[in-house]
Structure formats: C-alpha cells, structure tokens
Amino acid sequence: MEHLLAALRAVAEATRLRLVVLCARGELTVSELTHILGQSQPRVSRHLKLLCEAGLLDRFREGSWVFYRLSQSDPASTLARQLVAACDETDPTIGLDLQRLNAIKRQRAEAAGTYFRENAAQWHRIRSLYVDEREVEAALVEIISTADPRDLLDIGTGTGRVLEVLAPQVQNALGIDQSREMLSIARVNLERAGLDNASVRLGDMYQLALPDASFDAVVIHQVLHYADRPATAIAEAARTLRPDGILVLVDFAPHALEFLRDEHAHRRLLPGYPLTVVIWTAHRPAAASRFAQGSRVATTGALVTGEVH
Ligand SMILES: C[S@@+](CC[C@H](N)C(=O)[O-])C[C@H]1O[C@@H](n2cnc3c(N)ncnc32)[C@H](O)[C@@H]1O
C-alpha cells in the first residue's frame, strides 16, 4: 500500500503525468523529453528522478545516453498503465505532447532508415543466398509457441526482426545488440509494430549484464557466424536460462563461401554448399538449481530439431 501511495503522490502533478503518458509510448531520452515538454533539462530530470523512485518509470543507460520507459514491474506498472489509459488524448496539452513525440519518432525513423539503406545492399545479397526468411520465422514461432515462455531474450537482435516475430507469443521480450545503430532501427520497428512488451538494450553477448536464470527462452538468430568465441556466447546465453528454459540457435550449416568471411566478417566456415539454415534447440534441465559460471544446457552437442534448406 505504501508503494501505491508513493506512486500516486509522484504522479499527482501535471508535468509528471505528461511524462508518464509520453514514456508509455516508447523509450525516450531526457533531451527528447525536454524538447517535447519545452521545459529546462534540470527540471525535467528532477521530475524523472521522482517518477523512477516511485517505481513508475524505469531508467537505463546505453553508452552515454540514458533512456526512460514505463516501469515493467508491478504494482506501479499497472497503476501507470491505468493512468495512461485514463488520459484524454484530445486534451490540448497531451495532444501537443503526442504531436511532438510523433515528430521525434519520424526523425528517428529517417536517421535509422538512412543507416539501413547504406547497409541494405550487403544484407540483401546474403539473404538471397539462403532460404526464404518466412520459413525460418514460421519454424521459430512454432518452437516458441510450443515452449510457451513468459520472458524471452533475443541475443544480437539487430533490427529487432526476431522480437517482432516472437514478442506476440510471450509476456516480455528483450533484445540485446552491441550496435547502437541497429538498436535505433529496432526501436523504430518495434514502435511501428505496436509491441510495447518488447524492448532493446545495448549489450555484449560475451558478457550479458543480465542475472542468472532470468529468461524462459533465449534466441540467437544469425549471429554466431560473426562470433570469434561462439562457445562463450552460448555459455553466457545458457547462464540466463531458467530451469526448463529453451535455447534456440539459428545459423548457417557449415559452408564454403569464402567471400562471406572476406566481405562480411564471418569467422567460421567449413566445407559444404549451398547455404543451409539450421535451427538447433536445447533445454536447460528442470532440476538445475545452481548456475555456475559456464554452466551447460541439457544437450552438450547441439540437437537439430528443424532444418530448412
Ligand atoms: C546478421 S545480424 C542478425 C540480426 C538479427 N538476429 C536477425 O537475424 O535479424 C548480427 C547481429 O549481431 C550483432 N552482434 C555481433 N556481435 C555481437 C556481440 N558481441 N554482442 C551483441 N551483439 C552482437 C550485430 O551488431 C548484428 O546486429
């Protein structure tokens, strides 16, 4: 009850209510929020601090940037969502805030689009070498809907495509990537798809800043062929899995296309042709209660459960 009263007190102020409404519509930086509200940065920062302390907003750092979004943890999260739902979008102040927010989202989308266009030709060439993505995505949806996880982690999320496909199957989906440009594109894509249960964070797959046993499903889609230490990345992914959790790896079967190593930084090639996409799944044993460093999932060798030519 104390928590709830603190949250109610924190939000009972016009600027703070506006901030909650804005942060319900995406992850925003202080400077974006300052621009929308037309107030000084110290003032906005002070309001944000109060809202975070009351549990209504989450704050997270990404390199030198700090983002705010609606809290993901109850009871303040439920309260925040109810308050946002009760706010009238035709109210002149809220309406103007949302207009400015949309302008910022458009700018972000343009910046991300420019980056994407510059790299799209390369990606297109690679994608044309293998199976229709839709087949892989359908197989992934089947695997994840059967496993029925609550929390899903997508490592090396890139433009967030796997999150777009799988977030509707889960309660919470988090994507990690080391590229800020990719994350900008992912944010635009997730917002466009209206997936407010999915978010992305800057992070390194070799050293995830995530607790042990915090996800029911972990996906690594088309990332490991870039890895110089794939076993370390897999062990790190396994560490974050809950007992009974599922690890899904999607990558190319061994192949011999040398140009992929020269031109696209692929690290691991073996003989074989043409490019084949393989989906490997592994389960963490339900009985596992401790997660030592480098602990393993149930299968030591990868178990091939689905292969798409
Ligand atoms: C080919 S993209 C795949 C993106 C996405 N999984 C998909 O299939 O659409 C590989 C992604 O892995 C990310 N990546 C590479 N090394 C990483 C690392 N050490 N930690 C986190 N992400 C990494 C890259 O930034 C890139 O976005």
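The values are calculated or read from the model by the stated rules, or taken from the named source; none is laboratory data. Please read these numbers as outputs of a predicted model, since none were measured by experiment. All Cβ positions, glycine included, derive from the backbone under ideal geometry; neighbour counts span all protein chains shown. Remember, those area values only see protein heavy atoms, side chains included, never the ligands or the DNA or RNA. Shrake-Rupley method; radii C 1.70, N 1.55, O 1.52, S 1.80 Å.
Every residue, every condition in (1) basic (Lys, Arg); (2) open to solvent by 50 Å² or more (accessible area, probe 1.4 Å), yes or no:
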{"position": "51", "(1), (2)": "no, no"}
{"position": "68", "(1), (2)": "no, no"}
{"position": "78", "(1), (2)": "no, yes"}
{"position": "85", "(1), (2)": "no, yes"}
{"position": "91", "(1), (2)": "no, yes"}
{"position": "95", "(1), (2)": "no, no"}
{"position": "100", "(1), (2)": "yes, yes"}
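Filter region 31-49 down to the residues that are open to solvent by 50 Å² or more (accessible area, probe 1.4 Å) and under 20 Å from residue 96 (Cα atoms) and list them by number. Within region 31-49, 31, 35, 38, 40, 41, 43 meet the criteria. Restricting attention to region 16-30, the residues being open to solvent by 10 Å² or more (accessible area, probe 1.4 Å), β-branched (Val, Ile, Thr) and assigned to a helix (DSSP H, G or I) number 1.
Being acidic (Asp, Glu) and away from the ligand (no atom under 11 Å from the Cβ) is the filter; apply it to region 216-252 and report the residue that is nearest to residue 28 (Cα to Cα). Working first, answer last.
Start the filter on region 216-252 by keeping residues that are acidic (Asp, Glu), which leaves 216, 228, 236, 244, 251.
Keeping just the survivors that are away from the ligand (no atom under 11 Å from the Cβ) gives 216, 244.
Values: 216: 28, 244: 35 Å.
Restricting to residues being acidic (Asp, Glu) and away from the ligand (no atom under 11 Å from the Cβ), the top hit is 216.
When region 42-80 is filtered for residues that are among the acidic types (Asp, Glu) and not in a loop (DSSP other than H, G, I, E, B), the ones remaining, listed by number, are 53, 58, 62. Scanning region 221-238 for residues that are over 13 Å from residue 154 (Cα atoms) and either open to solvent by 30 Å² or more (accessible area, probe 1.4 Å) or of a type in the set (A, V, I, L, M, F, W, C) (or both) returns 226, 227, 228, 229, 231, 232, 235. For the residues 213, 173, 167, the requirement of being more than 13 Å from the chain's Cα centre (by Cα) and either away from the ligand (no atom under 15 Å from the Cβ) or free of Cβ contacts under 8 Å to residues at least 60 places away in the same chain (or both) singles out 213.
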